[in-house]
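Single-structure report; data block below.
The values are calculated or read from the model by the stated rules, or taken from the named source; none is laboratory data. Computed from a predicted model, the values in this text were never measured in an experiment. Glycine also receives a Cβ, built like all others from the backbone with ideal geometry; neighbour counts cover every protein chain displayed. Protein only, heavy atoms only, side chains kept; ligands, DNA and RNA dropped before computing areas. Shrake-Rupley method; radii C 1.70, N 1.55, O 1.52, S 1.80 Å.
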Amino acid sequence: MIRLAKKSEIERLLEIYESAKHFMHTHGNPNQWNMGYPDRETLMSDIDLGHLYVQYDDSGYIYACFALIGGTDPTYERIDGKWKSDTPYGTIHRIAGDGTRRGVFAECTAFARKMFNHLRVDTHKDNNPMQKAVKRDGFEYAGIIYLADGSPRLAFEWVE
């Protein structure tokens with residue numbers, strides 16, 4: 001089940017991101033989400049803007065979270081490659097799970113596809129588990145985009 005995150009859940013969300021960072025850093029991706037990112041301020045802003053969602057089970061246990069943002073993402077304006085479509089899209093950012101459940105990305109995209117018929121996502125070149133999940137869920141590689149600090153990311157797109 002998926003719903004908007006609440007400010008009262010911030011400590012749990014930070015725990016989930018710490019768990020995800022630990023997994024990435026110990027499974028061949030030591031360079032993504034360093035220096036405290038995503039931090040409390042980023043997550044609180046996502047909550048305030050209505051962008052941060054939680055994934056939870058029947059007991060209410062929150063095991064994953066992600067940002068789903070509609071509209072043009074400035075990071076995606078320049079791409080070394082080519083987008084399949086220039087129609088309005090939703091972007092999935094900051095998806096993370098605590099490691100207790102598989103299929104987190106597929107659940108996220110099933111939810112996102114109810115809101116958008118065009119989705120984009122990006123990930124670090126060393127984040128092989130995420131790349132596999134993205135491709136398994138029907139996203140196609142579009143090229144390389146660059147974060148505000150100039151760091152490259154592999155960009156993927158799904159269009160209905």
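Structure notes:
- Model label points for HIS22 and LYS114, set 7 angstrom from Cα along the Cα-to-Cβ axis, are 3.2 nm apart.
- Heavy atoms of LYS6: accessible area, 1.4 Å probe, square angstrom to 10: 110 Å²
- Using alpha-carbon coordinates, inclination of helix 10-26 to the longest axis of the chain, degrees: 60 degrees
- Cα gyration tensor, the range 84-155 - rounded (a/c under 1.5), prolate or oblate: oblate
- Taking all protein chains together and rolling a 1.4 Å probe, HIS27 ends up with roughly 110 Å² accessible.
- Summing Lys and Arg as +1 and Asp and Glu as -1 over all other residues whose Cβ lies under 15 Å from the Cβ of TYR37 gives a net charge of -2.
- Rounded accessible area of SER45 (nearest 10 Å², 1.4 Å probe): 50 Å²
- Evaluated with a Cβ-only charge set (Lys, Arg +1; Asp, Glu -1), the chain carries a dipole of roughly 360 debye about its Cα centre, given to the nearest 20.
- Averaged per residue, the chain has 53 square angstrom of accessible surface, using a 1.4 angstrom probe with ligands and nucleic acids left out.
- Dividing the summed -39500 (n - 2.57) terms of all DSSP H runs of n ≥ 4 by the residue count of the chain sets its mean residue ellipticity at 222 nm at -8500 deg cm²/dmol.
- Proximal charge balance of PHE111 [Cβ under 13 Å; K/R count +1, D/E count -1]: +1
- When a 1.4 Å probe is rolled over the protein heavy atoms, the share of accessible surface on the range 1-153 that falls to carbon and sulfur comes to 52 percent.
- Seen from THR87, the other residues with C-beta closer than 13 Å to its C-beta sum to a net charge of -1, counting Lys and Arg as +1 and Asp and Glu as -1.
- When each of the peptides 30-38, 92-100 is scored by the mean number of other C-beta atoms lying within 10 Å of its residues, the order from highest to lowest reads 92-100, 30-38.
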